[in-house]
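What follows is one structure encoded as structure tokens, with my remarks underneath.
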């Protein structure tokens, strides 16, 4: 009888140890799940930011193209004005006495 009580006490202690270990594992599992959720959320935010940066880069690229085109037009207009100025100088020189 004493032996049975001793075994029961031993099994109770072992069961308690297993229960504590399982509780610890559940706690660690919950912490890991929280970390995974945070990582997933951060990845989604990073993806959103990357998409926004991409859109902004496309907008900047379009603006640069427009600026280059306008610069080319300004250069062409400046060259046209230079040519007309030269024509005007030639015409004015004809009227000099």
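Quick look at the numbers
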quantity	calculated
Distance between region 62-97 and region 1-31 - C-alpha centres, whole angstrom	94 Å
Calculated [θ] (222 nm, deg cm²/dmol) that DSSP helices of n ≥ 4 give over the chain, each run adding -39,500 (n - 2.57)	-37000 deg cm²/dmol
Structure-derived percent of Cα pairs over 17 Å apart: which label, when the choices are (i) 79; (ii) 69; (iii) 48	(i)
FRET efficiency, 1/(1 + (r/R0)^6) with R0 41 Å, evaluated for residue 13 and residue 47 via beta carbons	0.20
On Cα atoms only, tilt of 2-94 relative to the major axis of the chain in degrees	0 degrees
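Where a number appears in this text, it was derived from the coordinates with a stated rule and is not lab data. Since this is a predicted model, take the numbers as computed values, not measurements. Note: ideal-geometry Cβ built from the backbone for every residue, glycine included; neighbour counts use all protein chains shown.
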